[in-house]
Amino acid sequence: VVTDRVMHGSPVWAAEGGTYFMYRGTDDFMSIGNASDCVEGSTTAYIYNTPDEDAVVAPTELPTDQWVSDSRSTLELQYASAERVNPEDEGPWVCVPAVRITAMHGLDDSDPTMAAALRQLAAL
C-alpha cells in the first residue's frame, strides 16, 4: 500500500499489516526492511534492489533480476548455495534469482493517506 511518506525522492510502500516497508535507502537502492530501517533510510534492510534508474515509482516496476538479500530473509540452504555479491569480502549479501512484485493494494481516493500520497507523487 502506498503511504503518504517519501524517502529520498521515492514513495514509501507498506506491506499488508505494516510490518515491512519498501523505501529508497541512503544508497539510492530500493530496500525492504522494518519500520526502524525505513525511518533511518537504512542500507542494511532485509532485501534490496539495485536498479539502474532513479525514477522508480511503483514496486511492480523494479527489475526482477537485481535483488540481493541476507541470511535473515533467505532460506538457509538457498543462502548457503547462493552467489555472493562480493565474494572477496564474504559480505552477507547474496544474489536472489528473481523477485517479482505482482500486486499492489491502493487506498480509496477519499482516504486522507491516499490524497497525501498523490500530492507527494505529483511533487516528484
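The values are calculated or read from the model by the stated rules, or taken from the named source; none is laboratory data. Keep in mind that what you see is a predicted model, and the values were worked out from it rather than measured. Note that each Cβ is placed from the backbone with ideal geometry, even for glycine, and that neighbours are counted across all protein chains shown. SASA here: full protein model, heavy atoms, side chains in, ligands and nucleic acids out. Shrake-Rupley method; radii C 1.70, N 1.55, O 1.52, S 1.80 Å.
So how far apart, in nm, are the two label points at residue 19 and residue 44 if each is 7 Å from Cα heading toward Cβ?
My value for the distance between the label points is 2.1 nm.
Once phi is turned into ³J(HN,Hα) by the Karplus curve 6.51 cos²θ - 1.76 cosθ + 1.60 with θ = phi - 60°, what whole-Hz value does each residue of the stretch 16-31 show in order, with x for glycine and proline?
Values, residue by residue: 3, x, x, 7, 10, 9, 9, 8, 8, x, 5, 8, 6, 8, 7, 10 Hz.
How much accessible surface area, in Å² rounded to 10, belongs to the heavy atoms of residue 1 with a 1.4 Å probe?
40
Hey, can you grab everything whose amide H is under 5 Å from the amide H of residue 7? Only 5+ residues off in sequence or another chain; H modelled, so Pro and N-termini drop out.
Those lying under 5 Å, H to H, from residue 7 are 12, 24.
What does the charge add up to near residue 42, with Lys and Arg as +1, Asp and Glu as -1, over the other residues with Cβ less than 14 Å from its Cβ?
On the way: positive: 24, 72; negative: 27, 28, 37, 40, 70.
So the surrounding residues net to -3.
Could you check the spin-label model distance between residue 77 and residue 35? Points 7 Å from the Cα along Cα→Cβ, value in nm.
Computed distance between label sites residue 77 and residue 35 equals 3.6 nm.
Taking K and R as +1 and D and E as -1, what net charge do the other residues with C-beta under 14 Å from the C-beta of residue 90 add up to? Intermediate results must be reported in sequence, preceding the final value.
Working: positive: 84; negative: 70, 83, 88, 89.
Local charge sum for residue 90: -3.
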